[in-house]
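Visitor: Shown below is the structure under consideration.
The values are calculated or read from the model by the stated rules, or taken from the named source; none is laboratory data. Predicted model only: the values in this text are computed from it and were never measured. Cβ coordinates were reconstructed from backbone atoms using ideal geometry, including for glycine residues, and neighbour counts include every protein chain displayed.
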Amino acid sequence: MMHSVVCRQTCEGNVARVAFEKSIAAALTCPAQAQVVVPCAPYSCSANGETCRSQCNADGECASGYVCKESTHECLPLTYSCSQDRSKVVGTDGSQHDCGNYVCRAAACLEQCTNVDDCDSPNICHPSHPHCVPPEY
């Protein structure tokens, strides 16, 4: 009875490749058709460059577009939302983008206004062009 053995494991670009050799006695060269390809997402490749990680301790241990929730050691999708006061866009990675004179709506800063509700207080929507401006403008 002949057993397959792993002859080569690599992990690059957040993709793990495991190649098998059918004969234990044969040289450790593996034909392409004997490879198993496994995407690592949401994790990145392990430090040894052979396999995918299965947990994280920092964002760098997650694939692109994911962040590490350190309390559970899980890589979760990077998402954005509006701050409670609607003045910023906040990412699950802790990043913040100030919306300036505008408010945040649907996880993005508005770029024009149609009324004062589109402007961060105390700014107002200019009556002759769609921009939020200070009230003394």
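Visitor: Of everything in the stretch 102-118 that's aliphatic (A, V, I, L, M) and over 21 Å from the mean Cα position of the chain (by Cα), which residue is farthest from residue 90 (Cα to Cα)?
Guide: 116
Visitor: Looking at the stretch 119-137, I want the residues that are assigned by TED's automatic domain parsing to the domain that holds residue 102 and have a partner that is β-branched (Val, Ile, Thr) and in a loop (DSSP other than H, G, I, E, B) with Cβ atoms under 6 Å, at least 6 apart or on another chain. Which pairs are those?
Guide: Hits for this filter: 120/103.
Visitor: For the stretch 113-136, give me each residue that is closer than 13 Å to residue 87 by Cβ and part of a helix (DSSP H, G or I).
Guide: Answer for the stretch 113-136, where residues must be closer than 13 Å to residue 87 by Cβ and part of a helix (DSSP H, G or I): just 118.
Visitor: Scan (1) in contact with an Asp or Glu (Cβ under 7 Å, 6 or more places away or on another chain); (2) surrounded by 12 or more Cβ atoms within 10 Å (Cβ to Cβ); (3) within 23 Å of residue 40 (Cβ to Cβ) for the single condition residue 76 breaks and write down its number.
Guide: (1)
Visitor: Which one of these is over 26 Å from residue 132 (Cβ atoms), in contact with a strand residue (DSSP E or B) (Cβ under 8 Å, 6 or more places away or on another chain) and modelled with pLDDT of 90 or more: 62, 109, 30?
Guide: Exactly one residue qualifies, and that residue is 62.
Visitor: Here's something else I'd like to know. Listed residues 103, 90, 37; which is out of contact with any Pro (no Cβ under 8 Å at 6 or more places or on another chain), on the phi < 0 side of the Ramachandran plot, of a type in the set (Val, Ile, Thr) and crowded, with 19+ Cβ neighbours inside 10 Å?
Guide: Just one listed residue meets the conditions, 103.
Visitor: Only one of these is touching a Pro at 6+ places or on another chain (Cβ under 6 Å), farther than 30 Å from residue 132 by Cα and part of a strand (DSSP E or B): 75, 68. Name it.
Guide: Going through 75, 68 in turn, just one is touching a Pro at 6+ places or on another chain (Cβ under 6 Å), farther than 30 Å from residue 132 by Cα and part of a strand (DSSP E or B): 75.
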